[in-house]
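K.L.:
Pasting a structure below so you can have a look.
The values are calculated or read from the model by the stated rules, or taken from the named source; none is laboratory data. From a predicted model like this one, the values you see are computed outputs, not experimental measurements. When we count neighbours, we look across all protein chains shown, and the Cβ atoms used for this are built from the backbone with ideal geometry, even at glycine.
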């Protein structure tokens, strides 16, 4: 699998990353192990998780596979901090105390002394940015994180963070940002991607398959075994079941049929090869689903088809 430089860092990551949001909840340890084997066999090295995924179970499952299926030093592990559901409701807390506590718990669950990329999961309006960035400095200086980044920041939030984290002043540089990006959601093209290109920040695309909708699985209704039917993910999927999204899905189906590819391959290759994208994070419930996504590694979309998809999905 082709590897790309992560921003200005010395890290090279596979252009497809293994997402683990379902691990420990909808994906058990055996399925997770199968996914990791397929991913490693395909040449992937970049694995993305978060403290909040499955209330820490995603990290626990991944930690149980490190040193068993793959030596720790042969993979790039990214995790995130700052979001919790301790009271049953989503809470964002980017205070230094909360973030460092999350980091320590992540390291314990992963069974490792460091993570390769530690990300602030989302913006926190109630915590001063300087305090949040100070936690990133601590993570880097303590050796608990090799690199730091942000996630779900807007263009100005990213630019402000990168500016304050100038390594010339001994600050931990922002290596990357992770935001949603797909044919169904191209909002990052307005500010975030241009900022990444201008500031030399790596861009990681989450949900490149439009939360699974771009595979075409929801064209005929709601499959009983899909994420859309899951109590954990139904609200996550429903925004992309509207009329506009379905028009884009139909265009992808037509393109896929004409190219002799699957809609998944077309949608994933489109995101992966967009300007400024470092890696696309692919999550799957089963090993078979992941193997289908990994087949996109050998796919490239002809320029006329890309242009047609760009037009039909323009926001």
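K.L.:
Go through 135, 78 for me and flag whichever is in contact with a helix residue (DSSP H, G or I) (Cβ under 8 Å, 6 or more places away or on another chain), closer than 23 Å to residue 9 by Cβ and crowded, with 17+ Cβ neighbours inside 10 Å.
P.N.:
Exactly one of 135, 78 is in contact with a helix residue (DSSP H, G or I) (Cβ under 8 Å, 6 or more places away or on another chain), closer than 23 Å to residue 9 by Cβ and crowded, with 17+ Cβ neighbours inside 10 Å, namely 135.
K.L.:
Checking the structure you have, find out if any residue of the stretch 172-184 is over 21 Å from residue 309 (Cα atoms) and assigned to a helix (DSSP H, G or I).
P.N.:
no
K.L.:
Has the stretch 249-258 got any residue that is touching a residue at least 12 places away in the same chain (Cβ under 8 Å), loosely packed, with under 14 Cβ neighbours inside 10 Å, in a loop (DSSP other than H, G, I, E, B) and out of contact with any strand residue (DSSP E or B) (no Cβ under 6 Å at 6 or more places or on another chain)?
P.N.:
no
K.L.:
Still on this structure, please answer the following. Picking from 219, 285, which residue would you name as being in a loop (DSSP other than H, G, I, E, B), farther than 17 Å from residue 308 by Cβ, touching a strand residue (DSSP E or B) at 6+ places or on another chain (Cβ under 7 Å) and at pLDDT below 95?
P.N.:
285
K.L.:
A further question follows. In the stretch 274-293, which residues are closer than 14 Å to residue 262 by Cβ and within 15 Å of the chain's Cα centre (by Cα)?
P.N.:
Residues satisfying the conditions are 282, 284, 290, 293.
K.L.:
Working carefully through the options 117, 65, find the one that is surrounded by 19 or more Cβ atoms within 10 Å (Cβ to Cβ) and in contact with a helix residue (DSSP H, G or I) (Cβ under 9 Å, 6 or more places away or on another chain).
P.N.:
Answer to the check: 65.
K.L.:
Checking the condition at pLDDT 95 or above, part of a loop (DSSP other than H, G, I, E, B), within 19 Å of the chain's Cα centre (by Cα) and closer than 28 Å to residue 156 by Cα, which residue from 193, 209 passes?
P.N.:
Just one listed residue meets the conditions, 209.
K.L.:
Mind checking which helices (runs of 4 or more DSSP H) fall wholly inside the stretch 55-161 and carry at least 3 residues that are within 18 Å of residue 23 (Cα to Cα) and modelled with pLDDT of 95 or more?
P.N.:
So the answer is 57-65, 96-110.
K.L.:
Which members of the stretch 281-298 meet the condition of being within 11 Å of residue 269 (Cβ to Cβ) and free of Cβ contacts under 8 Å to residues at least 40 places away in the same chain?
P.N.:
Of everything in the stretch 281-298, those that are within 11 Å of residue 269 (Cβ to Cβ) and free of Cβ contacts under 8 Å to residues at least 40 places away in the same chain turn out to be 295, 298.
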